[in-house]
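K.L.:
I'd like to ask some things about the structure below.
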Amino acid sequence: MAAAGSWRVRDFHDDDLDAAVRLWDSPASSGEAPAFGLSDLIAAVRSHEPAVVAVVGEELAGTAVATLSGGRAWIMRISLAPAWRRRGIGSAMLGELERRLVAAGVQGVTNEMLKLIPPFREQDERLLICATNSVRALDGAFLRHGRFDYVIPVGPPDPAAREAIWDRYLASIPHRDLEMAAIVAGSRLFTPADIEFAARRTAQLAFERVLFDRGEEEVTTADVLQGIAETRRTLTAELVAEFEQDIQSCARV
């Protein structure tokens, strides 16, 4: 528990819900359009997600609510009654909430990066580049205009890209003339890392043939296809379909 002056910060209690709903439902209680709606907040506190409140006597002056998923945390909303702003209460609630998240083993809190973006953008000659494998898993606040100028989709390699990646890795492996069309087709839904693994597996197959069977050193198309067959694809048709949907809803180029 943290306290300062006539207010204090404590854990959210079930009987805080009615007052919290009135605060969340007030447009004046948040500094910007919220990424999470009222129903999301109610569901979070009813599910006992991490949440703290600031109280002044018996009056609820502010709330801070987070949600956890896969070892990560998102700050869903920091709300403060207008009469209690500019007193350090919001920062105190955030600090208490983040301490609880760290104690729970959370590795990172999304809100921290959101706070760092605006001052970073104010500096000259700086370029901020972030990457994610799942844009739909991000806090919606990341994707608002003003956070990033561009949201650029980088999808799975197309046939031309797969052939170029294969050429890079096969260049270091002795091989005969290869049927690249078959190799490219066989590695559909491969990421660049999948292709690298398959190429290394192909080289391993040739090495074992030379070592144990005194066979040919040069790799054949069949060897490469065997290496592909022994590589688990990272992508699925469903993941690619989700990515195509994300391009329509999130891309900004």
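The values are calculated or read from the model by the stated rules, or taken from the named source; none is laboratory data. Bear in mind that the values here come from a model prediction, so they are computed numbers and not experimental data. We place every Cβ from the backbone using ideal geometry, glycine too, and count neighbours over all the protein chains shown.
K.L.:
So in the range 73-99, with the set limited to residues that are modelled with pLDDT under 85 and either under 13 Å from VAL53 (Cα atoms) or in contact with a strand residue (DSSP E or B) (Cβ under 6 Å, 6 or more places away or on another chain) (or both), which one is surrounded by the most Cβ atoms within 10 Å (Cβ to Cβ)?
P.N.:
ALA73
K.L.:
Which of (1) surrounded by fewer than 16 Cβ atoms within 10 Å (Cβ to Cβ); (2) part of a helix (DSSP H, G or I); (3) assigned by TED's automatic domain parsing to the domain that holds THR220 is the odd one out, the single condition ASP177 does not satisfy?
P.N.:
Failing condition for ASP177: (2).
K.L.:
Right, here's the next one. Can you tell me which condition SER172 does not meet? The list is (1) surrounded by 13 or more Cβ atoms within 10 Å (Cβ to Cβ); (2) farther than 19 Å from ARG232 by Cα; (3) among the polar types (S, T, N, Q), and all the others hold.
P.N.:
Going through (1) surrounded by 13 or more Cβ atoms within 10 Å (Cβ to Cβ); (2) farther than 19 Å from ARG232 by Cα; (3) among the polar types (S, T, N, Q) one by one, SER172 breaks only (1).
K.L.:
Find all pairs meeting these conditions: Cβ atoms under 8 angstrom apart; at least six residues apart or on different chains; first residue within the range 116-135 and modelled with pLDDT under 80; second residue in a helix (DSSP H, G or I) and of a type in the set (D, E, K, R).
P.N.:
VAL135/ASP246
K.L.:
Residue check: is THR191 hydroxyl-bearing (Ser, Thr, Tyr), closer than 30 Å to ARG144 by Cα, exposed (fewer than 13 other Cβ atoms within 10 Å of the Cβ) and touching a residue at least 40 places away in the same chain (Cβ under 8 Å)?
P.N.:
Taking the combined requirement at face value, the residue does not satisfy it.
K.L.:
Moving on to the next point. Looking only at the range 194-217, count every residue that is surrounded by fewer than 14 Cβ atoms within 10 Å (Cβ to Cβ) and either touching a residue at least 40 places away in the same chain (Cβ under 8 Å) or touching a helix residue (DSSP H, G or I) at 6+ places or on another chain (Cβ under 6 Å) (or both) and tell me the total.
P.N.:
2
K.L.:
Here is a follow-up. Tally the residues that are of a type in the set (Ser, Thr, Tyr) and surrounded by fewer than 17 Cβ atoms within 10 Å (Cβ to Cβ), restricting the search to the range 134-169.
P.N.:
2
K.L.:
Within the bounds of the range 37-55, is there any residue that is at pLDDT 85 or above, surrounded by 15 or more Cβ atoms within 10 Å (Cβ to Cβ) and among the charged types (D, E, K, R)?
P.N.:
Among the residues of the range 37-55, at least one is at pLDDT 85 or above, surrounded by 15 or more Cβ atoms within 10 Å (Cβ to Cβ) and among the charged types (D, E, K, R), which makes the answer yes.
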